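**Student:** Please read through the structure below; I'll follow up with questions.
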Amino acid sequence: MRSKRRLTPSQLFFCLIALSAAAALVFAPLGTGGAAAVAAQPAPDLAVSMSHVGSPPESPNFLPHTNDGTVSVVVSNIGDMPTSGPVSVTIVLSGGVTRGTTTFTSTPAGLFTLASCFGSTATFTCTTAGVIAANDSETITFNVISPDIAAAGPYRNSAIVVGGGETNTINNSSDDPVTFAIGGIPTLTPPPTFTLIPTLPLPPTVTPIPPPTATFTPTLIPPPPTRTPLPRPANAGLAIPIPPTGVNVVVNRDGVNVRLLPAIGAEVVGFVNAGTVFENVEARSPDNEWVRVNFVGQQAWVGVPVLTVLAGDITTLPVADPRTIPYGGFENPRAGLTSQISQWIGRLAQSGLRLRAGPSQGYPVLANAPRYAELRLLGRTADNLWTQVNWEGTLGWVASQFLELPEPGLALYDSLPIDGIVADALPISEPTHDSYMDTLKLMRDRLELAQPSLDDIRARWTTIALGERTQCGNYPARPSDYNIPNTVLAPFYDTLNPLITDFNAAMEYLRQAIDLLIESCQFAQPPEGLVGEGGAAVALQAINEADALFSSLRARLNELIPDDRTPTEEECLFTYQNRSEIVPRLRPSVVQFGRLNARNIVTGFCFDATIGANYRVEIVRSSGNILPMVSVSSFNNPTNFLGVGRIGSQGETYTAVTPILIPETGQYIVIVSDLADTASRGAPEGEFAILLTDLSGSSGLLPPGMALDPNTGQVIINPSPFNPVVPTAIFSTPDPNAPPVFVANCPNVTYTCSQLLSCGEAQACLAAGNTSLDPDADGVPCEENLCGPSLPTLTFTPLPTTDLGGG
């Protein structure tokens, strides 16, 4: 079977060449098709050639941001008969160059006009119903606009000509023989001794920077210049009320989207119908296209075109944008840094929480406060749904519903100022994980916005391919490419560059399918045959390519974008190195299940613990070939492990981390992963069970809390000590004829004698294969500290292999 090959946008464009003959027959009037059947009959024969004049004219290149370069396309009839029927030439400009409107000529007969051209300014088709005589030509010349940014290229323009009743399509496509770049011409005679900055002697106390080593890798973006700190706001620490604006508006149509941010494609938080009134509209967007309103207790945005002003003037509203402007504006910011404290302290009793730069989920996250954090309460919104807090010097806003309040409870809000206090300083940060995540979310939103265009154009071209007439007019919206700012792209290049490459390729395929339909619809519908038949195969191929990229991008973006929601009581918000993840919460004595595979080789859980407590975490592989490793550490120091365990081979199904002695009250993270070599077992795939047990107050010599039944493959809760399904368990008996009595588990087969707590644990680990505990190979492990001569020895008997009953 041949593998499917993905065509690039440029390859797909050249597929038009192979279909140009069919297209010519479809577009030609009835009666001209007979010429194709008799090759010897006189017939027109179209050819096309291209050239360009750069800017300045002596250069083949175009200077950035100019419009005085020109492109010429010569459409020739090299046959021995005049053309019959429409002649169409499709022109493809490269390198970001687009067609201008300053100059457009068609000589000598004026057969082509700017009004006869359809499509985008980079790829367009010009059509004429005029006749090109035999051995004659028509030259189209137009000015071009170059992009603002220099690019090395090389780039090359192309053209295709079809129609005119021709039968020979060999000469129907052409490339400009001269390539070009977007950039200026270097100075011809630069002064050889010119120095940009004179060399100055360094002060004697300055240590010179050592030269880079041979392995130096240049950064993609030069370091930004040092910023001048913003001045302290004049009203820092003061409660300055935000006065009502007096601007009232009413919605003038049904089904209006209310969005989280002032942007098309932003998250929709609700809908309103005609007649909905918003009083005291709070602010306007910088482009005056949106206004901020109070929508069900949170700040949201509505487009100005769907509103009618009842009172006041929208242009007098303060400018706001949660993405770039702090709540309260730059003069009186209500988020940032602060030294103010309060007698009122709220506590996060149920989960961690994000501190935002304003009272809405549209504002960026300033900090992540963990569970049990104590927050100083400094302000509130008028409806008390958001609270301004000081957490470790960061002034931000949290949703009030997640705060545990001291006495007098909700009544204390009466003493907090509405709109909060002014920050001591604005938070200034370079591109961070938040800007990276915003980029991913915007890319996903753009993808969803383009989906209706893809669905629409697929339906239309499928109709054509099935032999029905095409629907012209009211064409789908043409999506544009997306360019990620370098300041965000560079630090996350390995992740973002493949995404943006596929995103722009998908939009290019979609635009091609739309442009082909627009071009096809410029021709009269023939009495027989259908407009667009010749391009249906090309268009559907482009649609299939776009659809595959849409699905791939959507899946990859969903994997990268975390669930931006508040964790429930059965979840925790775990934050590490500016990244946050919601993980399920373990409850003592409750088994939970998880899965590991090649695409997801690590997962996490959390649990709450108080100082001095003692816990055990057990893992049982219930299916598949995974070799789970489990680690336990504090939320506050995730890389300082309190214990590590591992299922080391396919013959084992159980491991435990014990004892886990809790050093401080708080939340703890349990990481389960499979990073073992896959050469001998293939890609990891399987499920596991995990159990948390509170050992506080016990001797620690407890039997396993779960095991795997070798007969049924089911996880057994609280298995009998007679059940030989736990390979690292040690059973002893002073009397060989008496039933075996459980002594201890090996907490971890990698532990040393100093890490073990009892002789029983040492014996269990020795039996599990840790021979380093018995260097003299006398069968007695850890003789110096745990199992010395003064301690009674235990006699071990083989475990039964068939009796699975209880004792």
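The values are calculated or read from the model by the stated rules, or taken from the named source; none is laboratory data. Every value quoted in this text rests on a predicted model; they were computed, and no experiment measured them. So basically every Cβ, Gly included, is an ideal-geometry build from the backbone, and we count neighbours across all protein chains shown. Each accessible area value is taken on the protein alone, full model and side chains, heavy atoms only, with ligands, DNA and RNA left out. Shrake-Rupley method; radii C 1.70, N 1.55, O 1.52, S 1.80 Å.
**Student:** With the full set of protein chains in place, find how many percent of the accessible area of the stretch 49-150 is carbon and sulfur; take the probe as 1.4 Å.
**Tutor:** Details: 2480 of 4180 Å².
Of all accessible area on the stretch 49-150, carbon and sulfur atoms account for 59 percent.
**Student:** Wrap a convex hull around the Cα atoms of the stretch 83-152, take a quarter of its surface area, and give that in square nanometres.
**Tutor:** Projected over every direction and averaged, the Cα hull of the stretch 83-152 covers 5.5 nm².
**Student:** In addition: Take Ser649, project a point 7 Å from its Cα along the Cβ direction, then tell me which residues of the stretch 748-781 have their backbone nitrogen under 12 Å from it.
**Tutor:** Label zone hits: 768-770.
**Student:** Turning to a different aspect of this structure: Skip the ligands, DNA and RNA, and give the accessible area per residue of the stretch 68-130 with a 1.4 Å probe, whole Å². Intermediate results must be reported in sequence, preceding the final value.
**Tutor:** On the way: 2320 Å² over 63 residues.
Using a 1.4 Å probe on heavy atoms only, each residue of the stretch 68-130 averages 37 Å².
**Student:** Using 0.36 nm per residue, how much length does the chain from Leu449 to Asp383 gain when fully extended, once their Cα-Cα distance is taken away?
**Tutor:** Working: separation 66, 0.36 × 66 = 23.76 nm, distance 3.37 nm.
So the extension gain works out to 20.4 nm.
**Student:** Here's another thing I want to ask about it. Classify the stretch 334-487: rounded, prolate or oblate, from the alpha-carbon gyration tensor (a ≥ b ≥ c, eigenvalue square roots; a/c under 1.5 rounded; otherwise prolate if a/b is larger than b/c)?
**Tutor:** Note, shape of the stretch 334-487 comes out prolate.
**Student:** Over all directions, the average projected area of the alpha-carbon convex hull for the stretch 243-368 comes to how many nm²?
**Tutor:** 9.2
**Student:** Rounded to the nearest 0.05, what FRET efficiency do Arg595 and Ala234 have when you use their Cβ-Cβ distance and R0 = 51 Å? Don't skip to the end; give the middle numbers.
**Tutor:** Details: r = 57 Å, r/R0 = 1.11.
In this case the efficiency is close to 0.35.
**Student:** Points 7 angstrom from Cα along the Cβ direction at Ala683 and Ala115: gap in nanometres?
**Tutor:** Simple spin-label model gives 6.0 nm for this pair.
**Student:** Using the per-residue mean of other Cβ atoms lying within 10 Å as a proxy for protection, in what order, highest first, do the peptides 130-143, 374-387, 309-322 fall? Show your work: numbers first, answer last.
**Tutor:** Values: 130-143: 17.7, 374-387: 19.9, 309-322: 14.9.
Descending mean neighbour count gives 374-387, 130-143, 309-322.
**Student:** Quick check for you: which residues of the stretch 635-654 have the amide N under 17 Å from the point 7 Å beyond the Cα of Leu757 toward its beta carbon?
**Tutor:** Under 17 Å, as judged by backbone N against the label point of Leu757, lie 642-645 of the stretch 635-654.
**Student:** Would you work out the Kirkwood radius for the stretch 531-649? I mean one over the mean of 1/r across all pairs of different Cα atoms, in Å.
**Tutor:** Computed over the stretch 531-649, the radius equals 18.3 Å.
**Student:** What are the equivalent ellipsoid semi-axes of the stretch 233-279, built from the alpha-carbon gyration tensor (square roots of five times its eigenvalues), in whole angstrom, biggest first? Write out the running numbers ahead of the final one.
**Tutor:** Numbers: eigenvalues 182, 55, 11 Å².
Taking √(5λ) for each Cα gyration eigenvalue gives 30, 17, 7 Å.
**Student:** In whole Å, what is the distance between the alpha-carbon centres of the stretch 351-379 and the stretch 549-628?
**Tutor:** Here the two parts' Cα centres lie 23 Å apart.
**Student:** Using a 1.4 Å probe over the heavy atoms of the protein chains, calculate the carbon and sulfur portion of the accessible area of the stretch 336-433 as a whole percent.
**Tutor:** 51
**Student:** Another question, if that's okay. Using only the Cα atoms of the stretch 53-110, what are the Rg and Dmax in Å?
**Tutor:** 14.8, 44
**Student:** Please give me the summed charge of the neighbours of Asn168: other residues whose Cβ is under 13 Å from its Cβ, Lys and Arg +1, Asp and Glu -1. Before the final figure, lay out the partial values.
**Tutor:** Details: positive: none; negative: Asp45, Asp80, Glu166.
Value of the local net charge: -3.
**Student:** Roughly what would the spin-label model give for Ser623 and Ile341, points 7 Å off Cα along C-beta, in nm?
**Tutor:** Output for this residue pair reads 5.6 nm.
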